[in-house]
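A quick write-up on the structure given underneath.
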Amino acid sequence: MKKGQAIIGSVASATGVYLISLMALTCAMLSLLGIEAFLNPGRVQWQPLLPLALYATGVPVVLIWLALNHWRGDSGVLGSVIVLSAMGVLIQFRMGSYDAIDLKTNIYPLLPLALGLGAFVMGVTLTSKGRGGWMQMLGWGAYFLAIGVLVAMMVLGKQYRGGVYLSGNINPTEVIKPLLVFFLACYLSQRQKDFSDTVSGIPIPSFPSLLGLVIFWGIPLSVAILLRDMGLVVLLNTILIVMLFAVAKRLGFLAIGLAGVAAATFSMQFISSHAQARFDIWLNPFIDPTGKGWQILQGLTAMYSGGWWGSGLGTGAPETVPIVTSDFIYAAFAEEVGFVGCVFLLLIYATFYSRGFRAAGVTRTPFERLLCVGLTASLAVQTLLNVAGVTKALPMTGITLPFISHGGSSLVTCLFIAGLICGLSDNE
Amino acid sequence: MSEWLHKFMTILPEEDGVRVLKIIFLFFFGIVALVILFAPSPAPGKMTYRMLRAGIVVLFLAVLGYQMTWQIGGFSRSDFVRYMRRYDKRPTPVARQIMRGPIFDCRGLVVAAPRADDMWGRRYPYGNAFAHPIGYYHPRCGITGIELLYDSYLNGYLQEEDTLEKAKDLFKRRPEEGPSLTLTLDARLQETAFDLLRGRKGVVIMMRPMTGTILALVSSPGFNPHDPGPASIEENMPAFNRATQGLYPPGSLFKIVIATTALMEKRSPIFSCPGMGYVAADNTPPIRDSEYYSCERRGAIWPGWGNLNMREAMTHSSNVYFSQLGVACGPEAFNAMMKRLHINEPLIYMKSVDDSLKTVAGNAPVVRYRSKLAMLAIGQGEILMTPLHVAAMTAAIANDGDLMAPRVDMAETVKKLDTLCSAGVAQQVRSMMRQVVISGTGKACNLPGLEVCGKTGTAQVPNGEDHAWFTCMAPEKHPNIVVTVLIENGGFGSAAALPVAKEVLLAADRLGYVRKPEVMKILKSTPPSVGRKK
């Protein structure tokens, strides 16, 4: 690809994506505000619109900054982040998450987006132009930080719906994810050879490396198991398997590993009653339709009401689903935008992740390559587990939907990870 | 700003405005997805990452496919639809927007129909007369009977067992009106029979013997299906379906079964029937004819019938004769006959994918000692049957010995349950029953030209008046109809049950059921199996 073309291609097409997203956003806004004005004339508030305004102004600032820094990464990655966060802001606006905003007293709902855009820029800066290699030194630091956070959660955290939260409902799980990916990328890239050894086609890693991995991985994992956080356990293990596959390039790792993850997750139900309940609901939600099965069945009911084309933004009733703004935001989306909208949404997600994996091909060092794969996998698995949980394809894991679910720590972390991937896709 | 928005919304009518914006939104959303999909990438495709990408795409597609079975094809899951009809809090729940299909009788008369003014309403033109077989569908009182059995079918939720058909359902438009259901019941016969009972506690069942087709399934007193609430607390238990759920001693009707058993054993003995009765074993009370008691009441002494053959004994309904006949048949033959009659099993008379409607199981003890048969042979003691089972038993005699499964659903196939006896034996039993009507206890039912065969029954119950039974068929050579009547605590069968049966037979004759043989076209129809199409 020619140099000039790349410059125009990257930021310019991302800008195009931004403009089209803005148009979609405007349509949805008109619909939402129109209904609001129709239902209570003269009572339309302007303050909840601030996050949308922040999005509309913040994204061009980021784009200009990228253009000035000659960012030439994958515009598919950047574009997906732009659209997905637009959808997040939109659906949260629709669900009334921003209603409490008051410039004088309460600007907290604005913070995640502002911080998230900042984190995104930071992520791009850290890794773009192939300058991410130095972060390899941080691997062990990240590891011990993750352990520290996990231990803090064990001591201070409180259980809430199968997840562990620190005070203020900050979910540190989000932070553990990229930290451990850093560690794994560092650890595995240094032992690349050991893990790609095969004996007659079957991947058999050298014993010391494998033992080290088992021990170092075992510590955070057992803490996560002790925390009874099924979602975190699945997520971490799946990331590990994908990264091992990326090192060894052997399908055996993927097949055996994923089977192992499934078995380990299934056995979670024997130590955690919450996990067990989630398996039971998954197998038959109609056993307890008004109790344990209520949330998933209300979510499916919302989807059914949406049908192919959806009820239209603002005209559905997804608020009948419990905790719809975080875990079950996908059900709200499915009801109001329909199955067709869901196909588009998942198409964007799939493009993002496949571009993320593809970006690993342009990185300079094995560490960056593994980091790219691991970070992408962390978001991909998270998306898959959330969507599959809401649609009852898999048991619910209480994992949020990246970029769209309500929750400050989730949005900031996801945008930071997306920034790192964006940066990694540009090595020139 | 809100004023401006309000104006905007009024330019386009409310719903159109939302719809137009929805389409534009989806359009832009789709465009942006495509733009991203084809956005330029500086990275070359490599094998390892290509595999990961393929994995992501396959998994997302799988989840989307599964999501589709709920979001688009949810109506093919009956428990999901039932959940939504009940717990969907939306102002206009999608699952309830389908007009529930009507139910017709065998001549296409409406017996249950949706109410035009009310989404949940249901109209029952025949009111109380059909409350028992059909049940009700009521917003507050719930759903029962056939309405419950065919709930998802009537609501238009097709249930295909075939995976391919299921997949096709996903792309079908949700129907606006559920399919209709046709019953074999004849609304006019049902209504006539219900009226003849005049609110007494009782049952009238009319069946076609060759196919087991039920023409009337009346349980009285009925209740108002438009307001079934009070029925459950009223006296006489009007909500109780006596025809299928009530267990009664069959009394003298059981002599038909004993006669059949004996004839199958090639026994047709002559017994002496003394006035003092028959004692089967020591320390059992003597079994006497009813004439003994009526003579006793007048202060006279009953001399007994003397020597009777089976035909005479049936005509007089002699307890003394049949007790001896039962004992002579022995436990083995009796137990085998009970098994062939399926007395200890529930009779299924209607099926759907979800469930089935069936009678309660009757009770026939497994007999080990001959002496025990003396009491059982006259239909007293431990033996209990539902009226529908009695009707099915009579129909088996009418059908040359083949016991047919009763059916109420027009689309159900004709099924033979078992063989009670040979055609010759059935013919002989019918001939005896004909004699009952010509010169015996059933004389009042001897309708000219119909050749009615019948048997009265007066079953003693521990407290209250006896239950009055009458079961009959016509005409003798090739019976086209079977009528079974039970009047709870009605007294003598010939006095209480027989007149009702007679009127019902006349009504059936007026509708052409008695003289004309049944058209057997149903036999050739393909089995509807599980899923049924409109």
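Taken together, the values in this text are just the output of simple stated rules run on the coordinates, not laboratory data. Remember, predicted model here, so these are calculated numbers, not experimental data. Virtual Cβ from ideal backbone geometry, glycine too; neighbours counted across all protein chains shown.
Observations
- Three-way shape label, segment B:231-279, alpha-carbon gyration tensor, a/c 1.5: oblate
- Using a simple spin-label model with pseudo-atoms 7 Å out from Cα toward Cβ, B:CYS106 and A:ALA152 lie 8.1 nm apart.
- When Rg and Dmax are taken over the Cα atoms of segment B:17-149, they come to 24.8, 79 Å.
- Theoretical FRET efficiency, 1/(1+(r/R0)^6), r = Cβ-Cβ of A:GLU428 and B:LEU37, R0 25 Å, to 0.05: 0.60
- For A:ARG131, A:ARG355, the sequence from fewest to most other C-beta atoms within 10 Å is A:ARG131, A:ARG355.
- Computed over the alpha-carbon pairs of the protein assembly as shown, the distance histogram in 20 Å steps reads 13, 32, 21, 19, 13, 2, 0 percent, short to long.
- Where a label projected 7 Å from the Cα of B:LYS339 along Cα→Cβ would reach, residues of segment B:415-442 with amide N under 15 Å: B:418-421
- Chain A: relative contact order as a whole-number percent, Cα under 8 Å and 6+ apart: 25 percent
- Modelled label positions at A:LEU226 and B:ASN363, each set 7 Å beyond Cα in the direction of Cβ, lie 6.3 nm from each other.
- With Cα atoms defining each centre, segment A:301-345 and segment A:107-144 are spaced 32 Å apart in the structure.
- Dividing the C-alpha radius of gyration of segment A:3-128 by 2.2 N^0.38 Å, with N its residue count, gives 1.17.
- Span-like helix criteria (full DSSP H runs; alpha carbon extent of at least 27 Å along the helix axis; mean Kyte-Doolittle hydropathy of at least 1.6) are satisfied in chain B by B:14-37.
- Relative contact order of chain B, pairs being alpha-carbon contacts under 8 Å that are 6 or more residues apart, as %: 14 percent
- In sequence order, calculated HN-Hα J values of segment A:17-23 (Karplus, 6.51, -1.76, 1.60; Hz; x Gly/Pro): 4, 4, 5, 5, 4, 4, 5
- Computed E for B:THR419/B:TYR87 - FRET, C-beta separation, R0 41 angstrom, nearest 0.05: 0.25
- The overall shape of chain A, judged from the alpha-carbon gyration tensor, is oblate: a/c is not under 1.5, and a/b is no greater than b/c.
- Extension gain from A:ILE64 to A:ASP288, taking 0.36 nm per residue of separation minus the Cα-Cα distance: 75.3 nm
- Stretchable slack from B:VAL279 to B:GLU465, in nm (0.36 nm times residue separation minus alpha-carbon distance): 64.4 nm
- Three-way shape call for segment B:173-317 based on the alpha-carbon gyration tensor, with the a/c threshold at 1.5: prolate
- In order along segment B:130-139, the Karplus-derived 3J(HN,Hα) couplings, from 6.51 cos²θ - 1.76 cosθ + 1.60 at θ = phi - 60°, round to 9, 4, 6, x, 8, x, 8, 10, 9, x Hz, and Gly and Pro are given as x.
- Amide H contacts for B:LYS358 (H built 1.01 Å from N in the peptide plane; partners 5 or more residues away or on another chain; cut-off under 5 Å): B:TYR349.
- Ordered by the number of other Cβ atoms lying within 10 Å of each residue's own Cβ, fewest first, A:TRP134, B:TRP469, A:TRP308 fall into the sequence A:TRP134, A:TRP308, B:TRP469.
- Estimated FRET transfer efficiency (B:ILE23, A:ILE219; beta-carbon r; R0 51 Å; 0.05): 0.45
- Restraint check, B:LYS351/B:LYS372; B:LYS416/B:LYS516; B:LYS415/B:LYS516; B:LYS266/B:LYS502; B:LYS201/B:LYS416; B:LYS339/B:LYS516, Cα-Cα greater than 29 Å: B:LYS351/B:LYS372; B:LYS266/B:LYS502; B:LYS201/B:LYS416; B:LYS339/B:LYS516
- Spin-label model, B:ASP16 to B:GLU382: label points 7 Å out along the Cα-to-beta-carbon direction sit 7.9 nm apart.
- Converting the Cα gyration tensor eigenvalues of chain B into ellipsoid dimensions via √(5λ) gives semi-axes, longest first, of 62, 26, 19 Å.
- Exposure proxy shown here: for A:LEU184, A:LEU227, the number of other Cβ atoms within 10 Å sets the order, fewest to most, as A:LEU227, A:LEU184.
- Pairs of Cα atoms nearer than 8 Å and 6+ residues apart set the relative contact order; for segment A:3-128 it is 39 percent.
- Whole-Hz ³J(HN,Hα) from phi, Karplus 6.51 cos²θ - 1.76 cosθ + 1.60, for segment A:82-90, glycine and proline x: 4, 5, 5, 6, 4, 5, x, 4, 4
- Loop sites in segment B:284-373: chymotrypsin sites (Phe, Trp or Tyr not before Pro), DSSP, at most 12 other Cβ within 10 Å: B:TYR369
- Inter-chain Cβ neighbour count for A:285-292, averaged per residue, equals 2 (cutoff 10 Å, partner chain atoms only).
- Segment A:GLN190-A:TRP309, extension gain: residue separation times 0.36 nm, minus the distance between their alpha carbons: 37.8 nm
- Amide H contacts under 5 Å for B:MET99, placed H, 5+ residues apart: B:GLU177, B:GLY178
- For B:LEU215, residues with placed amide H under 5 Å, excluding near neighbours: B:MET206, B:MET207, B:ARG208
- Based on DSSP H segments of at least four residues, each scored -39500 (n - 2.57), chain A has a per-residue ellipticity at 222 nm of -22500 deg cm²/dmol.
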